[in-house]
Amino acid sequence: MKKAALLSTVLLGLTACSQGVTTMTDRTSSPCGDKPNCVSTQDNREKYQLAPFTITNDANIDAIENAALQLPGAKTAVKEEGYIRIECTSKIMRFVDDLELKIEGEQLLVRSESRVGYSDFGVNRKRAEQLRELLQADNLIQ
């Protein structure tokens with residue numbers, strides 16, 4: 001019985017830690033840190049790097065947001081001119097990852113990072129590639 005109570009306490013603690021960041025600076029231009037839980041179009045290191053997202057003439061921040069909100073567990077946390085931060089919450093443990101998108105010239109800067117933990121087991125890269133497919137299907141990127 002004590003083990004079950006301890007496990008419940010730990011799981012609740014982990015879930016609480018991953019929730020509710022109300023303020024966060026725009027990190028789309030920043031490379032990822034050294035933990036394997038982040039991918040970015042602005043990082044030159046192979047294991048963190050995403051191929052560029054070149055936008056089309058039809059692309060705008062509203063259309064990009066609509067595509068991104070089709071990702072599992074996605075909700076808009078911040079939307080400013082040319083910038084969006086989407087929070088993607090996992091189903092089971094309720095961990096939150098931040099997907100940041102910013103239009104800069106003809107490029108869409110993309111950065112997806114886990115808030116907690118060391119490794120994301122490839123979840124952020126998978127999310128970024130799902131986003132790429134959604135944006136291509138809507139003719140928002142080339």
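Scanning region 42-56 for residues that are closer than 11 Å to ILE141 by Cβ and not small (Gly, Ala, Ser), which turns out farthest from the chain's Cα centre (by Cα)?
Here is the first cut: in region 42-56, the ones closer than 11 Å to ILE141 by Cβ are 51-56.
Among the residues that remain, those that are also not small (Gly, Ala, Ser) are: 52-56.
Values: PRO52: 15, PHE53: 15, THR54: 18, ILE55: 18, THR56: 21 Å.
Selected residue: THR56.
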Selection from region 105-135 of residues that are more than 14 Å from the chain's Cα centre (by Cα), closer than 23 Å to GLU80 by Cα and either part of a loop (DSSP other than H, G, I, E, B) or free of Cβ contacts under 8 Å to residues at least 40 places away in the same chain (or both): GLY105, GLU106
Tell me which of these THR54 doesn't satisfy, since it passes every other one: (1) among the β-branched types (Val, Ile, Thr); (2) closer than 26 Å to THR23 by Cβ; (3) outside any loop (DSSP other than H, G, I, E, B). (2)
Report, by residue number, each residue of region 91-103 that is touching a residue at least 24 places away in the same chain (Cβ under 8 Å) and surrounded by fewer than 16 Cβ atoms within 10 Å (Cβ to Cβ). MET93, ARG94
Hey, can you tell me all the residues within region 110-119 that are surrounded by fewer than 22 Cβ atoms within 10 Å (Cβ to Cβ) and of a type outside the set (Lys, Arg)? GLU113, VAL116, GLY117, TYR118, SER119
Contact list, first residue from region 52-68 and small (Gly, Ala, Ser), second anywhere and part of a loop (DSSP other than H, G, I, E, B) and surrounded by 14 or more Cβ atoms within 10 Å (Cβ to Cβ), beta-carbon distance below 6 Å, six or more apart or interchain, is ALA59/LEU140; ALA63/LEU140; ALA67/ASP138
Within region 32-63, take every residue that is farther than 17 Å from TYR83 by Cα and touching a strand residue (DSSP E or B) at 6+ places or on another chain (Cβ under 6 Å) and give me the one that is surrounded by the fewest Cβ atoms within 10 Å (Cβ to Cβ). ASP43
Hey, can you tell me all the residues within region 57-79 that are touching a helix residue (DSSP H, G or I) at 6+ places or on another chain (Cβ under 9 Å) and either β-branched (Val, Ile, Thr) or modelled with pLDDT under 95 (or both)? ILE64, THR76
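Report yes if GLN70 is out of contact with any Gly (no Cβ under 9 Å at 6 or more places or on another chain), part of a helix (DSSP H, G or I) and surrounded by fewer than 16 Cβ atoms within 10 Å (Cβ to Cβ), otherwise no.
Considered against the rule, which asks whether it is out of contact with any Gly (no Cβ under 9 Å at 6 or more places or on another chain), part of a helix (DSSP H, G or I) and surrounded by fewer than 16 Cβ atoms within 10 Å (Cβ to Cβ), GLN70 comes out as no.
The values are calculated or read from the model by the stated rules, or taken from the named source; none is laboratory data. This is a predicted model, so every value here is computed, not measured. Cβ atoms come from the backbone with ideal geometry, glycine included; neighbour counts cover every protein chain shown.
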